[in-house]
Amino acid sequence: MIQANFTKAFAGGRESSGYSLEAQFNAEPGVTVLYGPSGAGKTLTLDAIAGFVAPDSGRIMLGDRILYDSGATVHLRPQERRCGYVFQNYALFPHMTVRQNLAFAADSLPRLERHRRIAELLESFRLTDLAGRYPRELSGGQKQRASIARALIAEPAALLLDEPGRGLDAVLRRDLYSVILEMKATLRIPMLLVTHDLEECFALADQVLIYDAGRIVHRGSPLELLQNPGTPAVARLLGDFNLYEAEVLAMDPGRQTSRVRLLGQEWNGPHLRGCFKGDRVTLCARPEELRLATKPGPNRIRVETPRVLERPQSIRADFGEELIVDVPREVWREKPDDLWVEIPAESLRQLR
Amino acid sequence: MPVSPTPLDWFPLWLSLQVAASATIISLALGIWLAWLLANRSFTGKELVDALSTLPLALPPTVLGYYLLVVIGRTSWIGRAWEEVTGSPLVFTWRAAVIASTLHAIPLLVKSSRAALESVDHACERAGRSLGASEWRIFWKISLPLARRPIAAATALAFARSLGDFGATLMIAGDIPGRTQTAAIAIFDAVEAGNTRVARLLVIVISILTAVIVFVANRLEQRRAA
């Protein structure tokens, strides 16, 4: 398990404002995804754990080993940390073949063990036939596999992957996901994976840490995050929420319901914790939870022609004013001219 | 009666080649070490080391020669220590010529090697570290091989430069035919003495040699760019 709790600040220069990172999390064996926009501190977190960057204060543990402790002035060199690192640009040594790249990493192993280990990893990453090639002769996906294989040679205690899916097409991405899922099943080590791709996040993560401007602003399993994004900022980072500023009109604690005003009309809402009549709250709803309706009714609003975005599994209809609806293709095909959108009461979630 | 031409003395050319080769080897080792320090380490006085390693490039050769006389001359402590150990002075020997040439060549090697080492993909060096390799191993197996072409090109040019040093060499090694007279100095002497045949021959040989070296250096640079 990785236990990280550290800070790192960079003083601002004449043309840049200062930057600070505060990271505090535990990562169990499995995949912990560091999700967030560029510049949020995700890669810096990996670099601090790998030992490329010294934090200002705090403590980083890997299993029962202290990698960094400002109090005890421990700062292990990267060489001593046993953290496999898969770099964004793969960082394969360009003047060595795939086999030599792996052999470089296997240097500390006894001779016989070294050959066995290299052969084993070449085999399991489907690199045996490419072992004699130089990195420039490999495709992106092959380079990716070679760099992961190289990182695993010395049996690291943790694996750090910096945007491994970047620059790979859809097929290669699926390939990568199955490689990572297989490692997750067999290796039982913590893997930290940096991404700003939501799909990658959902495909791989056991735990997601959401980064924003140098802070971890939310954490949980992917499903937990979707069901409770917590704050408008996180909802926006997770992409597809409809966000509403609403006024509480009435609360019914007995039935666990409420009445709210949003989009200029009254709606049935869920129970809103800690709210009273007259309070203003921010609510959100996911596009796939909104429904199209053909006639008026409770919790429905009349809509005009939307902007339409074709998606692989559905149609995304954007009616403006935070009314984005994902509709199955066949439903969309059969839709009448008069349209209502229904926001079911249980789809409205309270944000802080 | 036709005058039979005096047999040409090839000694200055051989001496020059030997001096240049020794100076190149020394400045290569020293230059890459300095370049690595400047490229990878932060220490107090780094700017000073950087400036001092460039200074020989900018100083007039005679000024450099004068400083060398001060530092390794017979009255300096280095000069006295050398004389104590070896029994003969350091100045006005071919070794002094090697020192002058080394100083002449080193700025070029430090500058080029530093740029070459700094241009190595740092992710590769980091990868090496995360894979458990020592800094020494990373330098020999990753950094140096990846920077080898520009360093080789700079080495070729450094060799050419040490081949042609005149001022500093004259100041501390003197002009002793058969002992410290290098090709550059021999050419000057031949011109002074009106011995145009010798001067012309040495000029042609040195020119061809230098042209070949520059050509090789350019090829190395181009293959890197490609």
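Just so it is clear, none of the values below were taken in a lab; they were calculated from the coordinates. Just so it is clear, the model here is predicted, and its values are computed rather than measured. Note that each Cβ is placed from the backbone with ideal geometry, even for glycine, and that neighbours are counted across all protein chains shown.
For this structure, a couple of remarks:
- Across peptide A:78-90, the mean count of Cβ atoms from other chains lying within 10 Å of each residue's own Cβ comes to 4.
- Looking at region A:252-326, the trypsin sites (Lys or Arg not before Pro) that sit in a DSSP loop and have at most 10 other Cβ atoms within 10 Å of their own Cβ are A:255, A:273.
- Antiparallel DSSP beta bridges within chain A, percent to nearest 5: 75
- Using a cutoff of 8 angstrom between alpha carbon atoms and counting only pairs six or more residues apart, the relative contact order for region A:240-351 works out to 30 percent.
- Taking other C-beta atoms within 10 Å as the exposure proxy, B:215, A:241 rank B:215, A:241 from fewest upward.
- Peptides B:131-143, A:8-20, A:117-129, A:93-105, ordered by how many other C-beta atoms sit within 10 Å of their residues on average, highest first, read A:93-105, B:131-143, A:117-129, A:8-20.
- For residues of B:116-129, the mean tally of beta carbons on other chains within 10 Å: 5
- Once you reduce region A:142-164 and region B:150-178 to the center of their Cα atoms, the two points are 49 Å from each other.
- Region B:40-128, dipole about Cα centre (Lys/Arg Cβ +1, Asp/Glu Cβ -1), debye to the nearest 20: 120
- Kirkwood Rh, angstrom, the protein assembly as shown [1 / mean 1/r, Cα pairs]: 29.9
- Membrane-span-like helices in chain B, defined purely by DSSP H runs whose alpha carbon atoms cover 24 Å or more axially and whose average Kyte-Doolittle hydropathy reaches -1.0, are B:11-40, B:94-118, B:144-163, B:196-225.
- The protein assembly as shown, dipole about Cα centre (Lys/Arg Cβ +1, Asp/Glu Cβ -1), debye to the nearest 20: 1080
- Cα lying deepest toward the dipole's positive end in chain A, options A:44, A:34, A:95, charges on Cβ: A:95
- Across chain B, the mean sequence separation of Cα contacts (distance under 8 Å, 6 or more residues apart), normalised by length, yields a relative contact order of 30 percent.
- Normalised by 2.2 N^0.38 Å, where N is the number of residues, the C-alpha radius of gyration of region B:11-225 stands at 1.14.
- Per-residue mean of foreign Cβ neighbours for A:95-102 is 2 (Cβ atoms of other chains, 10 Å radius).
- Trypsin sites (Lys or Arg not before Pro) lying in DSSP loop within region B:63-119, provided at most 16 other Cβ fall within 10 Å: B:74
- Residue-averaged 222 nm ellipticity for chain A, from DSSP H runs of 4+ at -39500 (n - 2.57), nearest 500: -7000 deg cm²/dmol
- Percentage relative contact order, region A:2-236, counting C-alpha pairs under 8 Å, at least six apart: 29
- For the protein assembly as shown, with +1 on Lys and Arg beta carbons and -1 on Asp and Glu, the positive-most of B:75, B:146, B:215 along the dipole: B:75
- Lys, Arg +1 and Asp, Glu -1 on Cβ, resulting dipole of chain B about Cα centre, debye, nearest 20: 700
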